[in-house]
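For reference, the structure discussed in these notes is given below.
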Amino acid sequence: MDWLEALVLGVVQGLTEFLPVSSSGHLQIFKEILGVEITKDLTFEIVVHAATVCSTLVVLRKEIGELLCGFFKFRWNDEMQYVLKIGVSMIPVAIVGFCFKEQVERIFGEGLGVVGVCLLLTAGLLAFAYYAKPRLKTRISFVDALVIGVAQACAVLPGLSRSGSTIATGILLGDNKEQVAKFSFLMVLVPILGEALLEAKDILTGEVATASVPVISLLVGFVAAFVSGYLACSWMLNLVRRGKLIWFALYCLVAGIGVLAYCLI
């Protein structure tokens, strides 16, 4: 992978991490288009995902600061409950990460067929959430947080959008659109950072090879993902507030059909 390919993939990752169209699926698609092969090495994906985490920290710095200040008062206040709800939401993805990591990585090597099918599933979920008229709740409950976490755990499949799955699930549960969007972006911070740390450990112990991805490509990919992620995160919060998810459902439908047609050619 050269720096130009890393730039393209970094921009794709940053934009699609927050837009409900599946960042992992689009990375697979663009790798196919660019002819990039990184066998048994998810280092680049971890780096660009970490970049989008950093962009989230910048966009939601005010909300994160308020949560931390309230949490470290060590009282049963709204901030303490919110942080604990984020913790509850991470349980399903933690189980998948620790117990099924090898199986998940194997799926990423099974070609674009899985991506196409999962894009169609994303389209259906977004459309269902758009047309459903759920009761609006004043706040996300602990049960809601767990269910949204299950949606996030399912979205480890390439092509099944994490943000699309979690936001649509929250809307179907009756949660406020803007609140569930912020919760969706905040709940992914710890899992991605945790995965990055595990990847770093594997690199240091020699369990993962990094020769296939030059350092300059990793740096370019990180910067590209950070900048595009910052713009996409800010944009997505406004889009969810205005209820424009149906357009992403149509996009995922067309993209999914296109990918499956490509696989059949």
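The values are calculated or read from the model by the stated rules, or taken from the named source; none is laboratory data. Just so it is clear, the model here is predicted, and its values are computed rather than measured. We place every Cβ from the backbone using ideal geometry, glycine too, and count neighbours over all the protein chains shown.
I148 - would you say it is of a type outside the set (G, A, S) and either assigned to a loop (DSSP other than H, G, I, E, B) or modelled with pLDDT under 90 (or both)? In short, no. The residues of the stretch 125-140 that are in contact (Cβ under 8 Å) with a residue 40 or more places away in the chain and either surrounded by 15 or more Cβ atoms within 10 Å (Cβ to Cβ) or not in a helix (DSSP H, G or I) (or both), listed by number, are L125, L126, A127, A129, Y130, A132, P134, L136, R139, I140. Only residues that are in a helix (DSSP H, G or I) and surrounded by 20 or more Cβ atoms within 10 Å (Cβ to Cβ) were counted in the stretch 152-181, giving 14.
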